[in-house]
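For reference, the structure discussed in these notes is given below.
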Amino acid sequence: MSDGVQWMAGAVTSSGWMFDVHFARGIDAEELAVRMGARRGAAAGPMTDAEIAGLEVDSYDGPDSAVVRVGEHAGWAFAVLYGCYLDRLEEVSRDGVEAVHHHYNSEHPPTTVLYARDGRIVCGYGLCEERIRWGEEPDLFLPDLVAAGILHPDGDTYQDTGNYDHDERRRRGLAVFEKRLGLSLPRTVLTEDRLPVYAVEGSPADDFEEISAWAGANGRPLPDRRLGLVPAGLRREYEQATDPRWWERGTWRSVAASTLHAEAVLKAPDPDGTEH
């Protein structure tokens, strides 16, 4: 029996602030990673969700980078993203493939779920903001949203009025995708599953060879050559050891990092490209 996706409402990865998943039906897990930007055959790991934290790809004090943990479940390939925001839905869905992108946000803009097929966005909406729908067929799932007790048939007014349980509403919004598409992700993805890991952004790092050589000469753990990424902690050690003005630059970067984090949250784009 599959786990469905309703459990994903409010769940986050080891990052503590994101849960971004691309699903694809019609290709395998490695092809999904490749369509998201990975090099074929360059899998590292396998790793659990907790072990990904050691890569520090969620840090803002280095170049933008991202990795995915990939697997297959209930007829769908899936890729759980860690690091910078990426939307590869149209590329993933090319050549007749069906794809879904779940992008978690804790506040506003809301968590969005989009369905694509054959390289085009078909439909989707934000959880708890279902009257605003996107895609070439924005009303495709409207009957399902009505049946779920979320919208009236006009597609513009909600059945729930006043105060309501937001987590329950999010679960109902996800249930539409679960029931309509058979979408499912195992709960163990965030607990015990050890899955292959691919770098999909920022690899190889420009200074990967230089920092790897320093790490080897100084008894530090070597970064994974298959990923081609430098963990933020190792980068800090390298800079402290090789840059006599590191403290000044480090102070500046800590301020810039907090500013960048705020901007990254505020400017997360809606599917139509609008920034907030």
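Please identify, among 157, 48, 112, the residue showing maximal mean-square fluctuation in a Gaussian network model of the chain using a 10 angstrom Cα cutoff.
Checking each option, the largest mean-square fluctuation is seen for 157.
How many angstrom lie between the C-alpha centres of segment 174-218 and segment 99-142?
23 Å
With a 1.4 Å probe and every protein chain kept in, tell me what percent of the accessible surface of the chain is carbon plus sulfur.
On the chain, the fraction of accessible area on carbon and sulfur atoms equals 50 percent.
Hey, could you get me the Stokes-Einstein D for the chain, Kirkwood radius over alpha-carbon pairs, 10 °C and 1.306 mPa s, rounded to whole µm² s⁻¹?
It diffuses with D of about 80 µm²/s by this estimate.
Which sequence of 111, 242, 161, 191 reflects their accessible areas, 1.4 Å probe, from the largest down?
Sorted descending by solvent-accessible area, the residues read 161, 191, 242, 111.
Of the candidates 141, 78, 23, which one comes out as most mobile in a Gaussian network treatment of the chain with C-alpha springs shorter than 10 Å?
Highest fluctuation of the listed residues: 141.
Could you give the size of the charge dipole of the chain about its Cα centre, using +1 on the Cβ of each K and R and -1 on the Cβ of each D and E, expressed in debye and rounded to the nearest 20?
Value, rounded to 20: 480 debye.
Ranked by accessible surface with a 1.4 Å probe, highest first, in what order do 106, 15, 93 come?
106, 15, 93
Would you mind getting the accessible area per residue of segment 1-117, heavy atoms of the protein chains only, 1.4 Å probe, in Å²?
Averaged over the residues of segment 1-117, the accessible area is 36 Å².
Is segment 6-71 best put as rounded, prolate or oblate by its Cα gyration tensor, with a ≥ b ≥ c the root eigenvalues, rounded for a/c under 1.5, and otherwise prolate when a/b is larger than b/c, oblate when not? Working shown, then result.
Values: a/c = 1.80, a/b = 1.16, b/c = 1.55.
Judged from the Cα gyration tensor, segment 6-71 comes out oblate (a/c at least 1.5, b/c at or above a/b).
Working from Cα positions, state the angle (0 to 90°, nearest 10) between the long axis of helix 232-242 and the longest principal axis of the chain.
20 degrees
Taking 0.36 nm per intervening residue step and subtracting the Cα-Cα distance, what contour gain separates residue 11 from residue 120 on full extension? Each step should come with its number before you reach the end.
Numbers: separation 109, 0.36 × 109 = 39.24 nm, distance 2.76 nm.
Once the chain is fully extended between residue 11 and residue 120, it gains 36.5 nm.
Nearest 10 degrees is fine. How inclined is helix 166-181 to the longest principal axis of the chain, computing both from alpha carbons?
80 degrees
Connecting C-alpha atoms closer than 10 Å in a GNM of the chain, tell me which of 79, 24, 241 has the biggest fluctuation.
Among 79, 24, 241, the largest mean-square fluctuation in the Gaussian network model of the chain belongs to 241.
The values are calculated or read from the model by the stated rules, or taken from the named source; none is laboratory data. Remember, predicted model here, so these are calculated numbers, not experimental data. A quick note on method: Cβ atoms are made from the backbone with ideal geometry, for glycine too, and the neighbour counts reach across all protein chains shown. With ligands, DNA and RNA removed, areas are computed over all heavy atoms of the protein, side chains included. Shrake-Rupley method; radii C 1.70, N 1.55, O 1.52, S 1.80 Å.
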